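The values are calculated or read from the model by the stated rules, or taken from the named source; none is laboratory data. This one's a predicted model, so the numbers in the text were calculated from it and none came from an experiment. Neighbour counts run over all protein chains shown; Cβ positions are idealised from the backbone, glycine included. In case anyone asks, the SASA skips ligands and DNA or RNA and just uses the protein heavy atoms, side chains included. Shrake-Rupley method; radii C 1.70, N 1.55, O 1.52, S 1.80 Å.
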Amino acid sequence: MDGLHALPSIIVTFLGMIILCGAVGVGLGYLAGIDPLTAYLATSPGGMDVITLIAVSVGGNAPLIMAVQLARFLVALLTGPRLAAIVAKRMRREG
């Protein structure tokens, strides 16, 4: 039960990520002229395998969705370790 106090923060962060991905999807849909479902699936969080299955089953533009998901993965792969190091360094200073 010790981690239960973190639950509201986790829920807010999760909802914020979904809203942010939706906003980026709206922007992508507007700029690229694609349908909103394809734009949201292209920017939604989650695994590429699940997003691909959803895209194929609902008739989204699967190649575009996979390309954006791959770009998202590569950005996370390239920036994630550095960002984690910065956060860890700040937490050590504060804690």
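Take the solvent-accessible surface of the protein heavy atoms, probe 1.4 Å, and return the percent of it on the chain that carbon and sulfur atoms account for.
Within the chain, the accessible surface is 75 percent carbon and sulfur.
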Practice prompt. Could you state the angle between the C-alpha long axis of helix 48-58 and the longest principal axis of the C-alpha atoms of the chain, as a value from 0 to 90 degrees rounded to the nearest 10?
Written response: 30 degrees
Practice prompt. Might you work out the accessible area of Val58 for me, using a 1.4 Å probe with all protein chains in place, and round it to the nearest 10 Å²?
Written response: 80 Å²
Practice prompt. Using a 1.4 angstrom probe, figure out how much accessible area the chain has per residue, in square angstrom, rounded to the nearest whole.
Written response: 74 Å²
Worksheet, complete the sentence: Here, Ile19 and Val75, labelled 7 Å along Cα→Cβ, have an inter-label distance in nm of 2.0 nm
